[in-house]
Amino acid sequence: MAAPDRHPSAGVKNHERRAQLSQTAGLTLVVLVAIYLLVNLLDFQYGRDQGIYSAVANAIASGGAPYTTAWDFKPPGIYLAFVAAKFLFGDGMDAIRWLEVCGLVLLAVGFIVLSRRVLGSAVAGSLAALLAIVHYVELEFWHTAQPEALGCVLLTWALVLAMPVTGAGTSRRRALASWLASGALYGAAALLKPPLGGGVVVSMAFVVWEQRKNRADTSSATVAWPLWAFPLGALLPMLMVAVWLYAVGALRQAWEALFVFAPHYTGALAVESLAQKCWIAGRKWLFDLSRYNPMGLVALVPFARGVRRVRAASLHVLLVVLVLLAGVVFQGKFFTYHYATALVLTSLPAGWGYWQLLERARRSWVAAMALVATIVLIALPDAPVLATRAAFWSRSQARLQAWRQPEERQALRDRLYSAPDYDAAAIRAVADWIQTNSSPGATIFVWGFEPFLYELADRQPASRWIYNIPQRVAWSREVARAELMHDLQEKRPEIIVVQEGDVMPWVTGNALDSGAALGDFPELVSLLQSSYDVEGAIATFLLMRRR
């Protein structure tokens with residue numbers, strides 16, 4: 001008797017089961033790699049900028065205000081982020097890192113929501129989210145916890161709320177709330193760095209375009225709603241912060257820092273032509289700082305050409321990125337952290353490109369070969385043109401060693417979280433000396449660019465000038481020096497630390513360090529000579545105690 005034929009549905013079910021298993025295995029791998037990267041992020045210590053933000057946040061948490069109690073010239077959003085991190089996770093350096101980890105988890109959720117909306121696939125969103133986390137964490141300790149880095153979460157959810165929320169079955173009230181919320185997130189991002197909020201114009205334009213396409217189902221009044229909902233939403237967080245600054249008496253000082261000092265700083269060393277700036281910004285974004293995004297975007301092109309919603313969503317994201325890059329060009333300073341949000345957001349359409357390659361690789365040997373070639377190119381440590389981040393992976397091995405060997409942990413971290421002009425071990429040693437040689441309630445002053453010393457030493461600054469750039473640059477020198485001398489004579493700091501070797505021509509506009517800058521500051525030199533004794537030196541820090 002002949003054996004009965006297998007039921008046709010059995011093969012289909014087996015294929016679906018294998019596809020489901022492979023998808024589950026892939027998602028598990030994505031999650032494990034993401035967890036490994038986020039654990040690395042939690043180990044990051046402060047760089048110089050993070051020390052500045054933390055010092056201002058401490059002043060706010062103690063009842064003071066930015067710009068008046070502790071001066072810096074960044075917008076207030078970054079200080080409020082550090083205040084929130086300290087409130088939620090404590091005073092340690094890992095507090096802001098926990099905030100970043102929570103933010104990246106929210107970003108991953110946003111990528112998945114967008115990918116399901118555009119592609120109908122959560123897997124595509126997971127892949128794009130992993131790509132974004134890789135880009136973020138590879139920036140390492142110096143370039144994360146920066147305004148441009150933290151803004152990526154706000155912009156992700158601004159895009160989630162802005163991408164088509166209209167259409168059949170969507171209430172007008174819900175659409176309006178989404179547009180207002182999207183605008184508010186762009187406004188909050190602008191409080192971190194103004195160019196981060198510029199994407200609100202892009203999102204508003206896309207929503208209006210979608211509304212006009214659906215005008216047959218939408219009233220003319222509804223078509224105009226986005227034109228006021230997005231700007232109104234963007235203004236709300238800015239007005240709230242302005243009211244707060246006014247209430248704490250810091251609005252005038254904030255204006256001077258943001259609209260007088262900062263523009264001078266932005267234009268001080270802008271020597272390249274506009275064409276050169278555009279070329280540098282585009283090259284660093286697409287090639288120098290990313291091994292992964294270029295290939296993903298290339299893979300996305302044929303897919304986006306054939307599917308309108310993918311093309312529209314990709315264009316929406318990339319135009320927001322273009323606004324961010326325009327901000328970099330406007331600043332004229334091409335620091336790596338300026339590209340953080342642009343790199344992360346570009347990971348979304350690039351991740352869609354990789355997902356499409358994976359989907360095609362199941363059905364086409366050509367696509368499979370293209371995927372293999374892409375992986376090989378990315379994996380090569382010395383691939384031409386494409387930037388590498390081999391240093392991050394070697395540093396992650398050192399972090400593993402630090403976790404396994406507690407007795408060597410501090411020394412390893414001192415090496416990991418130092419830079420050519422930033423010695424973490426020396427800064428810690430200076431803070432220890434200050435604690436030993438001053439009373440707990442004393443004020444101190446650091447003539448240099450290391451305000452994190454105030455926090456490490458647990459001492460109050462004698463002036464709102466927590467670092468000396470305003471006294472060293474030509475456009476603010478006279479007024480800032482006069483105010484500083486008044487503060488020092490009134491507060492009489494027990495300890496003054498003079499830093500040497502902090503040469504930063506891209507910030508100060510000259511090749512002088514803080515020690516050399518004393519040469520044309522006779523008032524401070526006179527105070528040091530008449531009232532302070534040199535007690536010694538640690539690395540590049542001269543230690544002086546009041547007689």
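The values are calculated or read from the model by the stated rules, or taken from the named source; none is laboratory data. Values in this document were obtained by computation on a predicted structure and should not be read as measured data. Cβ: placed from backbone, ideal geometry, glycine included. Neighbour counts: every protein chain shown.
At-a-glance table
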| item | result |
| --- | --- |
| Which listed residue, of Leu528, Leu518, Leu543, is touching a Phe, Trp or Tyr at 6+ places or on another chain (Cβ under 8 Å) and under 19 Å from Pro461 (Cα atoms) | Leu543 |
| Filter result for Ala34 (at pLDDT 95 or above, of a type outside the set (Ser, Thr, Tyr) and under 29 Å from Asp414 (Cα atoms)) | no |
| Condition check for Tyr454: of a type in the set (Ser, Thr, Tyr), buried (at least 20 other Cβ atoms within 10 Å of the Cβ) and not assigned by TED's automatic domain parsing to the domain that holds Leu524 | no |
| Filter result for Leu29 (crowded, with 24+ Cβ neighbours inside 10 Å and either in contact with a strand residue (DSSP E or B) (Cβ under 7 Å, 6 or more places away or on another chain) or not polar (S, T, N, Q) (or both)) | no |
| Verdict on Phe82 being surrounded by 23 or more Cβ atoms within 10 Å (Cβ to Cβ), at pLDDT 95 or above and within 27 Å of Gln410 (Cβ to Cβ) | yes |
| The range 18-67 - residue that is hydroxyl-bearing (Ser, Thr, Tyr) and assigned to a helix (DSSP H, G or I) and, of those, farthest from Val243 (Cα to Cα) | Ser22 |
| Criterion (over 19 Å from Thr443 (Cβ atoms), among the hydrophobic types (A, V, I, L, M, F, W, C), modelled with pLDDT of 95 or more and surrounded by fewer than 17 Cβ atoms within 10 Å (Cβ to Cβ)) met by exactly one of Ala511, Ala474, Ala537 | Ala537 |
| Residue ID - surrounded by the fewest Cβ atoms within 10 Å (Cβ to Cβ), chosen from residues in the range 477-508 that are among the basic types (Lys, Arg) and closer than 15 Å to Val446 by Cα | Arg492 |
| Count of residues meeting criterion [surrounded by fewer than 16 Cβ atoms within 10 Å (Cβ to Cβ) and touching a residue at least 60 places away in the same chain (Cβ under 8 Å)] in the range 404-424 | 2 |
| Listing of strands (runs of 3 or more DSSP E) fully contained in the range 480-547 that carry 1 or more residues being within 30 Å of Phe334 (Cα to Cα) | 495-499, 541-546 |
| Tally, over the range 134-175, of residues that are at pLDDT 95 or above and either in a loop (DSSP other than H, G, I, E, B) or assigned by TED's automatic domain parsing to the domain that holds Ala229 (or both) | 3 |
| Test: residue in the range 410-429 that is among the aliphatic types (A, V, I, L, M), outside any loop (DSSP other than H, G, I, E, B), more than 18 Å from Asp502 (Cβ to Cβ) and more than 23 Å from the chain's Cα centre (by Cα) | yes |
| Condition broken by Gly249, with the remaining ones in (1) modelled with pLDDT under 95; (2) over 29 Å from Ala162 (Cβ atoms) satisfied | (1) |
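So that you can scan it fast, the table gives a plain yes or no per residue for (1) touching a Lys or Arg at 6+ places or on another chain (Cβ under 8 Å); (2) within 24 Å of Val137 (Cα to Cα); (3) buried (at least 18 other Cβ atoms within 10 Å of the Cβ); (4) touching a residue at least 24 places away in the same chain (Cβ under 8 Å):
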| position | (1), (2), (3), (4) |
| --- | --- |
| Ala242 | no, no, no, no |
| Tyr246 | no, no, no, no |
| Thr266 | yes, no, no, yes |
| Val298 | no, yes, no, yes |
| Arg309 | no, no, no, yes |
